[in-house]
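The values are calculated or read from the model by the stated rules, or taken from the named source; none is laboratory data. Because the structure is a prediction, the values reported are computed rather than measured. All Cβ positions, even for glycine, are placed from backbone atoms using ideal geometry, and neighbour counts span all protein chains on display. Accessible surface areas use protein heavy atoms only, side chains included; no ligands, DNA or RNA. Shrake-Rupley method; radii C 1.70, N 1.55, O 1.52, S 1.80 Å.
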Amino acid sequence: MSDIRKPGAWRARSPISEVDPPEHGGVRAALQRILSPLVVKSWRERFAARAEQVADDALARGEIDGVADITESFVLSVFPEVLGVSVPPERIKQTGELNFNQLGPNNARLAAAMERTSPIMDWYAQVLQREHMLPGGFGEKIYLAEDAGELAAGTAPLHVRSFFRAGVDTTMAGIGSTLMYLSRHPDQLDAVKADPGKIKSAFEEALRLEAPAQVMFRVTTRDVELGGVRLRADTKVGYHMGAANRDPRQWDDPDRFDIRRQTIGVHRSFGVGAHVCIGQMIARAEAETILGALLRRVKAIEPAGTPRWRPVNTLRTLDTLPLRLVPA
Ligand code: HEM
């Protein structure tokens, strides 16, 4: 596996997820100021308008692919808009797949993704530059924070890239898995419809079972003991959230989808510690608005075929999810 700190790394380090404390604390605080609860609230309103439209279109179709017609149709339109970067959906999908393949082993799947995306890499670097930021978006605010000295000079495009890398595919994966589980558990779908407050629980429980980011890594900076294992300095350690989330010491019958669990939301899908997901409230806002809009319109969501997972290193995401929507 590659080490981002070493010469020949395939890209520059992320200025947030690949920097250590104490530097990381200052970066995180600056971004947290931009992502204030007020900002997220205003985004939620924009999500709602698009969610209504996506849900109407899906209902009109009746038989849908939950991935193309719900998750992609929604997230690929709202997220770039709040980020304030105009990127065609097909390219977001391509670069997202590349990113999550790159986080994993240097295998044939990664080679194929790199070959597919090599013609657009110059464009990708360009689209993250200041002149492409849309007014009022998060990307513009990142550049302004750099101007104000709150973020290190030259890091703004890399921050925009980090948000793109972290925020799109993960959220689509989580919403897709939630739809899949609700379609398989009509009793729990009914419970969520009866109490929309439970949409949160359904999303969290699907995130537990199908952690979008299956594994993240750390590298030891010195000799250290971890869980009784001695590790030398410079050892890459995988933190397998997908496995942790099904630990039978933590969850009864861990493979069961159950929105009534006492431990709902205790999963590790957003990570833990200093680097815990900074965008989790945005992912939740997206999930709640699109699932809410859909559930208000349906009596039932039925499986209409076998879902297929998309093979991407380190990312657990559906490729297709055939569903039948029964109108309310
Ligand atoms: C369901 C959706 C999401 C999942 C499952 C998810 C998962 C994660 C995980 C596991 C980490 C920790 C990585 C590590 O430990 O190295 C993380 C960090 C991060 N996430 Fe998310 N994420 C989601 C949505 C988002 C969204 C919507 C955004 C942007 C608005 C975002 C931005 C970030 C950033 C910038 C970091 C780095 C934080 C840091 O290093 O301090 N994520 N995410």
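What the table shows:
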{"quantity": "Condition check for V78: in contact (Cβ under 8 Å) with a residue 60 or more places away in the chain and touching a Lys or Arg at 6+ places or on another chain (Cβ under 6 Å)", "calculated": "yes"}
{"quantity": "Any pair with Cβ under 9 angstrom, 6 or more apart, that starts in the range 202-229 at a residue that is under 18 Å from G273 (Cβ atoms) and of a type in the set (F, W, Y) and ends at one that is in a loop (DSSP other than H, G, I, E, B) and open to solvent by 10 Å² or more (accessible area, probe 1.4 Å)", "calculated": "F217/M1; F217/L103"}
{"quantity": "Selection within the range 29-61 - open to solvent by 40 Å² or more (accessible area, probe 1.4 Å) and either within 10 Å of the ligand (Cβ to nearest atom) or under 21 Å from I142 (Cβ atoms) (or both)", "calculated": "A29, Q32, R33, P37, L38, K41, S42, R44, R46"}
{"quantity": "Failed item in (1) open to solvent by less than 20 Å² (accessible area, probe 1.4 Å); (2) away from the ligand (no atom under 16 Å from the Cβ); (3) at pLDDT below 95, with V312 passing the rest", "calculated": "(2)"}
{"quantity": "Selection within the range 213-254 - touching a Lys or Arg at 6+ places or on another chain (Cβ under 6 Å) and closer than 30 Å to A293 by Cα", "calculated": "Q214, M241, N245, P254"}
